[in-house]
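S.K.: What follows is a structure written as structure tokens; I'll ask about it next.
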């Protein structure tokens with residue numbers, strides 16, 4: 001395992017703002033990708049007549065491997081800076097973005113938020129949506145990259161225009177912009193990614209890699225909290241037995257522990273714990289592990305279940321109160337609406353039984369009591385009732401298991417956090 005502290009970082013931003021190219025460049029220049037691999041990708045890009053795509057292909061090549069499902073580790077690509085060992089989570093397109101963010105194995109500790117400086121691009125609809133999702137899902141730390149500076153001749157005036165647009169957006173949402181670096185970059189040319197750019201003498205700030213080292217703080221590992229381990233998949237391995245896999249959110253799993261899986265309520269004993277095919281004596285928050293559990297069969301548990309210790313089992317909700325932001329909905333949302341809630345690794349249809357109040361998303365103040373409906377852009381407090389048993393925790397106790405996205409019609413219609421839970425009997 002790496003000696004440096006581990007950070008999960010994701011990229012966010014509008015489609016075509018250059019996220020994949022930026023990651024490719026970052027991986028290449030930090031030595032995570034070898035010269036010959038890069039050369040092959042360049043030849044492939046030329047062959048496919050997509051000359052500027054060689055860096056983007058670094059992650060896109062993984063996409064086809066991902067579809068073949070080779071290993072758990074492929075979605076993520078590790079790279080190191082002087083201070084950190086990073087796992088980068090590329091979130092291409094909207095569908096994967098949400099899956100990765102909410103049900104994916106890695107909850108990001110930080111995000112690189114990419115905005116295109118190209119004329120006519122800047123802050124767009126999806127830029128706003130991703131910014132809201134990052135905030136609602138509790139990603140505390142951001143680094144903003146204003147990409148494609150080469151397309152505007154490295155113009156400082158254009159940089160400031162797009163920076164102001166982005167600052168206004170992030171302020172509205174409630175990010176502390178004074179703590180966020182804004183870096184002018186050309187991912188394709190390589191300006192200010194790892195090496196300082198000679199093309200922008202007017203910029204005096206850090207490169208992206210310097211910003212990763214100086215601005216990102218290590219997240220606290222909630223080791224002292226009770227165990228919460230959402231299950232992502234369950235395997236049966238010949239000669240070993242049942243092996244649930246997932247990322248430990250809070251607490252610690254040790255060999256010999258008794259675990260209880262909720263909602264099914266089944267118990268089993270921890271025989272062994274593996275991370276990246278190495279056996280370890282205990283798993284801590286942030287570790288993505290496979291655990292061999294004795295006494296539990298593959299048919300007893302599934303993706304979306306959460307394991308804890310019997311003295312403090314995960315909370316199964318009969319109903320819950322949540323605060324949501326409606327990101328986009330073609331009409332309106334009223335009581336009785338039953339979309340799918342994606343929370344940690346679970347996806348369960350929940351009925352919005354009541355809209356308690358419309359609120360100001362920045363201050364949390366009530367704007368209107370018991371409105372008949374809410375629409376795109378509104379924030380509200382709601383009461384939700386799951387259509388089948390699900391584990392959800394309240395924000396004050398386990399923020400990691402309180403966040404969710406609401407999906408319907410193949411898109412994310414809202415995102416939110418759980419404030420309070422009525423336990424199921």
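Since every read-out is calculated from the coordinates, none of them should be taken as a lab result. Treat the numbers as computed from the prediction; the structure is a model and nothing was measured. Cβ coordinates were reconstructed from backbone atoms using ideal geometry, including for glycine residues, and neighbour counts include every protein chain displayed.
S.K.: For labels at residue 204 and residue 254 in the simple 7 Å Cα→Cβ model, what's the distance in nm?
M.R.: Roughly 5.4 nm, to one decimal.
S.K.: How high is the relative contact order of the chain? Use alpha-carbon pairs under 8 Å, at least six apart in sequence, and give a whole percent.
M.R.: So the answer I get is 13 percent.
S.K.: Compute the helix-to-body angle for 56-68: its Cα long axis versus the longest principal axis of the chain, expressed 0 to 90° and rounded to tens.
M.R.: Tilt relative to the chain: about 30 degrees.
S.K.: Another question, then. Any idea what the relative contact order of the range 163-295 is, in percent, if you count C-alpha pairs under 8 Å spaced at least 6 apart?
M.R.: 17 percent
S.K.: Oh, and also: I want to check the label-to-label distance for residue 236 and residue 424. Put each point 7 Å from Cα in the C-beta direction and report it in nm to one decimal.
M.R.: 2.4 nm
S.K.: A further question follows. Please give the residues of the range 307-344, grouped as numeric ranges, whose backbone N is less than 19 Å from a label point set 7 Å along the Cα-to-Cβ vector of residue 396.
M.R.: Hits in the range 307-344 for residue 396 at 19 Å: 313-324.
S.K.: Stretched out fully, how many nm does the piece from residue 372 to residue 218 gain, at 0.36 nm a residue minus the Cα gap?
M.R.: That works out to 51.1 nm of additional length.
S.K.: Over the range 229-308, how many percent of alpha carbon pairs lie in each 5 Å bin up to the one with the longest distance?
M.R.: Here the calculated profile for the range 229-308 is 3, 18, 32, 31, 14, 2.
S.K.: What angle do you read, to the nearest 10 degrees and between 0 and 90, between the alpha-carbon axis of helix 19-29 and the longest principal axis of the chain?
M.R.: For 19-29 against the chain, the angle is about 70 degrees.
S.K.: Right, next: Relative to the longest principal axis of the chain, what angle (0 to 90°, nearest 10) does the C-alpha long axis of helix 35-47 take?
M.R.: 80 degrees
S.K.: Working out 0.36 nm times the residue gap between residue 3 and residue 297, then minus their Cα-Cα distance, what length gain in nm do you get to one decimal?
M.R.: Fully extending the segment from residue 3 to residue 297 adds 102.3 nm.
S.K.: Further question on the same structure: If I stretch the segment between residue 282 and residue 409 completely, what's the gain in nm (0.36 nm per residue apart, minus their alpha carbon distance), one decimal? Provide the component values of the computation, followed by the final result.
M.R.: On the way: separation 127, 0.36 × 127 = 45.72 nm, distance 4.11 nm.
Working it through step by step, the gained length comes to 41.6 nm.
S.K.: How would you rank 318-326, 296-304, highest first, on the average number of other Cβ atoms within 10 Å across their residues? Walk me through the numbers before you get to the answer.
M.R.: Numbers: 318-326: 21.1, 296-304: 16.4.
Those peptides, ordered most packed to least, come out 318-326, 296-304.
S.K.: What does the helix-only formula give at 222 nm for the chain: each DSSP H stretch with n ≥ 4 adding -39500 (n - 2.57), the total divided by the residues, and the result rounded to the nearest 500 deg cm²/dmol?
M.R.: It lands at -6000 deg cm²/dmol.
S.K.: So for the range 164-242, averaging the separation of alpha carbon pairs under 8 Å that are six or more residues apart and normalising by length, what relative contact order in percent results?
M.R.: 17 percent
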